[in-house]
1. Find the residue count for segment 32-73, including only residues that are assigned to a loop (DSSP other than H, G, I, E, B), at pLDDT 95 or above and either hydroxyl-bearing (S, T, Y) or surrounded by 15 or more Cβ atoms within 10 Å (Cβ to Cβ) (or both).
2. Can you tell me which residues in segment 19-31 are of a type in the set (A, V, I, L, M, F, W, C), surrounded by 15 or more Cβ atoms within 10 Å (Cβ to Cβ) and closer than 15 Å to E44 by Cα?
3. Considering segment 24-34 alone, what residues qualify as being within 17 Å of V56 (Cβ to Cβ) and in contact with a helix residue (DSSP H, G or I) (Cβ under 7 Å, 6 or more places away or on another chain)?
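The values are calculated or read from the model by the stated rules, or taken from the named source; none is laboratory data. Fair warning: this is a prediction, and the values are worked out from it, not measured in the lab. FYI the Cβ positions are ideal-geometry reconstructions off the backbone, even for glycines, and counts take in every protein chain you see.
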Amino acid sequence: MDLQDKNLTKREVEVLELIAEGFINKEIAEKLCVSVTTIKKHIESIYEKWSVHNKVQAVVYGVAIGVICVPDIK
């Protein structure tokens, strides 16, 4: 896997941002007008590309490399 393979698609970034905001798969699917199965496939793709095993690791890595920003906590 080369570096290009580790880049997320725009949709995967959207999904990751919504995960970081605390939305669950069903809510993400509703927001993006897709099925929960599609969301799960995007998440699996993120895990594979970044060699992470869960949503927390994905969000932490995404923040660390500057793909996403930490949402404001109010």
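1. 4
2. Hits for segment 19-31 are I19, I28, A29.
3. Hits for segment 24-34 are N25, I28.
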